[in-house]
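Shown next, in structure tokens, is the structure this report addresses.
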Amino acid sequence: MSSPPLRTAISANYAELSDALRIAADYIAENQVEIATRSLRAVASASGVSPASYTRLARALGYSDYETLREQARAELSRRDTDTFQDRARRLQSDADQPLLPRQVEACLNNIKALVDDIDPHELEAAVECLEKSRKIILIGALASAGFTDYFAYLAKWFDDRWVTAGRNGATLGSTLAGVSSADTVIIVSKHPYAHRSVRAAEVAAASGAKVIVLTDSHAFPGLQFADFHFIQRTESPHFFSSYAATLVLIETITGMLVARAGSEAEARIQNVDKHNRLLDEFENV
């Protein structure tokens, strides 16, 4: 017999919970992605509730232990990804009489606002520090994510010449990954449906000793097991395809943090890149 949804279990037992367990239950109800992807220690630290309280809460909700509760959270998140593109397109068509713009804007704003809660600022700082110290940074994205790795590289190359977009402009993915080592970092952007090459790239990069940073939409991304740092962005949307709005904000945040750390060297390179762009007539003079 399958377990009831987490929110159902919380609602059914909430009245019997102590104040401390209610705080933990509220946190679980509002942060299911974090429960599914982060350690009990990290969840306890973020919520201000002891690990022991989460263990007691799991039993109070009918789970044998906290890990079983966590697996329930993972299962529920996985089921959210079962809608096909056709199902979403059909819903879009059935709602054709409702203006799409306000619904799309609201969904994107909610996804972006959720970044503050979904991303551990200490992990983000650690990932940026890793990038700052890397010999070379390789960006990998396939399918819809390819354009976003191009944008990532475009921003980064304004102030830093270490960035390479793998598998683009005639270079194979294999040729780009062939020389990676523990001195390098590989960034993978992948959203559902996950490209096989992105999963394999994460595995190959990790096996080569490189640091792996993953930007994805769910703990279900198979390459997450190879990541040293991972950041999950919500992609809810009334559209038939997932929204990348929060991912763009995260990309811009990471590059902004790197510029802030780089100081005068970044400023000098930006000025030099701008100068050469104008010499080569890359920009329209207006």
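Please treat every number below as a calculation from the coordinates, not as lab data. Since the structure is predicted, the reported quantities are computational estimates derived from the model, not experimental observations. FYI the Cβ positions are ideal-geometry reconstructions off the backbone, even for glycines, and counts take in every protein chain you see.
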Phi to ³J(HN,Hα) by Karplus 6.51 cos²θ - 1.76 cosθ + 1.60 over the stretch 21-36, Hz, x for Gly, Pro = 6, 5, 4, 5, 5, 4, 5, 4, 4, 9, 9, 5, 4, 5, 4, 6
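If eta is 0.890 mPa s and T is 25 °C, what Stokes-Einstein diffusion coefficient results for the stretch 119-191, Kirkwood Rh from Cα pairs, in µm²/s?
Details: Rh = 12.8 Å.
Using the Kirkwood radius from Cα pairs, D works out to 191 µm²/s.
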Once you treat every alpha carbon in the stretch 94-247 as an equal point and sum by Debye, what is log10 I(q)/I(0) at q = 0.11, 0.12, 0.18 Å⁻¹?
-> -0.44, -0.52, -1.08
Tail fraction, Cα-Cα pairs, the chain, threshold 29 Å, whole percent = 44 percent
Between 0 and 90°, nearest 10: helix 66-79 axis offset from the chain longest Cα axis = 60 degrees
Relative to the compact globular guide of 2.2 N^0.38 Å, what is the alpha carbon radius of gyration of the stretch 2-51, as a ratio?
-> 1.12
Long-range HN-HN contacts of K191 with modeled amide H, under 5 Å | S145
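Averaging sequence separations of C-alpha pairs under 8 Å and six or more residues apart, then dividing by the length of the chain, give the relative contact order as a whole percent. Mind showing how you got there, number by number?
Values: 353 pairs, mean separation 51.0, N = 286.
Computed over the chain, the figure is 18 percent.
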Pairs K113/K133; K133/K157; K191/K275: which are spaced more than 27 Å apart, C-alpha to C-alpha?
-> K113/K133; K191/K275
Rounded if a/c is under 1.5, else prolate if a/b is larger than b/c, else oblate: which is the stretch 183-247, with a ≥ b ≥ c the root eigenvalues of its Cα gyration tensor?
-> prolate
When the charge dipole of the stretch 104-263 is computed with +1 on Lys and Arg Cβ and -1 on Asp and Glu Cβ about the Cα centre, the Cα farthest towards its positive end, among A220, C108, S134, belongs to S134
Tilt relative to the chain, helix 245-262 - C-alpha long axis, 0 to 90 degrees, to 10 = 60 degrees
Using the Cβ atoms and a cut-off under 11 Å, what net charge is assigned to the surroundings of S181, where Lys and Arg are +1 and Asp and Glu are -1?
-> +2
